[in-house]
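> The following block contains the structure, expressed as structure tokens.
Quick note: the coordinates plus some simple rules give every number you see, no bench work behind them. The structure presented is a predicted model; accordingly, all values stated were derived computationally and were not measured. Here the Cβ is made from the backbone with ideal geometry for all residues, glycine too, and neighbour counts use every protein chain on show.
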Amino acid sequence: MKRFVAAAIFTAIIVFNVSAESDSSIESVFFNQNLVDCQKYCGTEPECAECVKANVCNIKYEKMKTFKGKGRNYTACKPEKSENYEECKKFCDGNYKCSHCDSTINCGVSYTKLKSFTGKGTNWYACEKIRDINIVWPQQMVIKPQHRYLVVANGGFGGMFGHDGIEWFCEKYLTPEIAPQALCIGSYGRPRTATWLLAENIKNTVLLMEAVTGVKPKVILVGKSMGGCKLHHAIAGDKGGGRGGLEKMEIPLFIGVDMSCQVKRHYESEGDVLQFDNNIKELYNFYQLNSAASQTGHKAVFKGKPFDENIHINVNEESFDPKTRKKISKPEKPLCNNSEHINIDECVPLLKAIQTMILDEIGKQ
């Protein structure tokens, strides 16, 4: 039930935005002040689990505070205390695949049950995300006062069938303990992932974060395969992404990992490139050319500028210094070992390099 309530928050924002904007300006979206106040409150209260657009909480949740004013009311809610809930939280804290604890049987839409806690009292379930990034987005959007960065990690279509490194980057390499200043939202992209909704979700989260914290957050994007293509389309205004207006938003860092919009050896095709606008301040494109792979990533270029070899890193032949952000063309050891498209983001040195780049970017503020 509450999955639909959480999704309704974004739906309401998006519906207004689509009807009210003609130029996709990123400054002219409306937020209910009650939602902003509820998010502010919830971000400072450790027990608060969600803000719902109602005067009451969902089943098995307790009301903490209702925010009333112009527009729809929002209520901050916390889970009912029970031994089952405490055991679920303990399990979740020690398992990176666990997104949250839920009282909905089998965790509801977009998630699947990892483990059940069904002792005396209310049943609780440890939940793992299983759907693409737009569908899991509302549950992941928990804004804290210290958040200054929005990091979006969008894995490839293979996330539908198994886990990959970018899909789970937030849970393993950018946790709140590692980067408390970052709200990190991750999952995977697939052909049916709506680019316009991804752009809207990024934009609306940035605006809501600014309204809640009083500081405009910076955005860092990491995308692999189809997930990288979807992020590119969203920030370049392509394939429906123009509705979000993100081509007007400054993006300090975009990291592509074998970005591929279809099964094809893109890198070897002349002119088969992804074009980026100058709102992207730094761009790095990690790719592979394994002869055994049926798929390679696109080249990436800035519009109106020549191809830049320095930002393209062949992980099976070259290495990369994440501190200096320089490619090492003739390394003693390449960044990865015989990676193919499907498993390039299982290469731990690559994932750690991306982590270092992001943490250094965050450290600049």
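> Once amide H atoms are built 1.01 Å from N in the peptide plane, which residues 5 or more positions from K65, or in another chain, come under 5 Å H to H?
Amide H neighbours of K65, under 5 Å, 5+ apart: A76.
> Applying the Karplus parametrisation 6.51 cos²θ - 1.76 cosθ + 1.60 with θ = phi - 60° to the phi angles of segment 79-92, what ³J(HN,Hα) value in whole Hz is obtained for each residue in order, glycine and proline being reported as x?
x, 4, 6, 6, 4, 4, 5, 5, 5, 5, 4, 4, 5, 5
> Another question, then. Compute the length gained on full extension between R192 and E268: take 0.36 nm times their separation in residues and subtract their Cα-Cα distance, giving the result in nm to one decimal.
On the way: separation 76, 0.36 × 76 = 27.36 nm, distance 2.60 nm.
That works out to 24.8 nm of additional length.
> Say the cut-off is 24 Å between C-alpha atoms; which of K40/K203; K89/K218; K113/K172; K264/K323 go over it? Before the final figure, lay out each step's value.
Numbers: K40/K203 19 Å; K89/K218 30 Å; K113/K172 20 Å; K264/K323 32 Å.
Long pairs (Cα-Cα over 24 Å): K89/K218; K264/K323.
> Just to confirm the filter: which GluC sites (Glu not before Pro) across segment 286-365 are DSSP coil and have at most 10 other Cβ within 10 angstrom of their Cβ? Write down the numbers at each step before the final one.
Numbers: sites: E309, E317, E318, E332, E340, E346, E361; in loops: E317, E318, E332, E340.
Answer by residue number: E332.
> Now for a separate question. With the chain treated as a Gaussian network of Cα nodes joined by springs under 10 Å, which of K113, K90, K78 yields the largest mean-square fluctuation?
Looking only at K113, K90, K78, the largest GNM fluctuation is found for K90.
> Mind checking which of T193, T175, T324 has the largest fluctuation in a GNM of the chain, springs on alpha carbons under 10 Å?
T324
> If we count every other residue with Cβ under 12 angstrom of M357's Cβ, Lys/Arg +1 and Asp/Glu -1, where does the sum land?
Details: positive: K323, R325, K326, K352, K364; negative: E282, D321, D360, E361.
Counting the neighbours of M357, the net charge comes to +1.
> Expressed in nm², what is the orientationally averaged projection area of the convex hull enclosing the Cα positions of segment 127-200?
Details: hull surface 19.9 nm².
With every direction weighted equally, the projected area is 5.0 nm².
> Right, something else. Expressed as a rounded percentage, what relative contact order does the chain have, with Cα pairs under 8 Å and six or more residues apart?
On the way: 823 pairs, mean separation 42.7, N = 365.
In percent, rounded to a whole number, it is 12.
> Loop only by DSSP, 16 or fewer other Cβ within 10 Å of the Cβ. Give me the GluC sites (Glu not before Pro) in segment 47-124 that pass, ordered by residue number. Mind dumping the intermediate values first?
Working: sites: E47, E50, E62, E80, E83, E86, E87; in loops: E47, E80.
For GluC sites (Glu not before Pro) across segment 47-124 that sit outside H, G, I, E and B with at most 16 neighbouring Cβ atoms in 10 Å, the list reads E47, E80.
> Based on the Cβ-Cβ distance of S329 and T356, what FRET efficiency does E = 1/(1 + (r/R0)^6) give at R0 = 30 Å, to the nearest 0.05?
Working: r = 20 Å, r/R0 = 0.65.
Step by step, r from the Cβ atoms, then E = 0.95.
> If you don't mind, another one. If one puts a single equal scatterer on every Cα of the chain and applies the Debye formula without solvent, what log₁₀ I(q)/I(0) results at q = 0.08, 0.09 Å⁻¹?
So the normalised log intensities are -0.40, -0.50.
> Using every Cα-Cα pair within segment 72-222, state what percent have a distance larger than 23 Å. Kindly include the intermediate steps, with their values, before the conclusion.
Values: 4565 of 11325 pairs.
Value for segment 72-222: 40 percent of Cα pairs lie more than 23 Å apart.
> Can you tell which of D277, D308, D102 shows the greatest fluctuation in a Gaussian network model of the chain with Cα springs below 10 Å?
Highest fluctuation among the options: D308.
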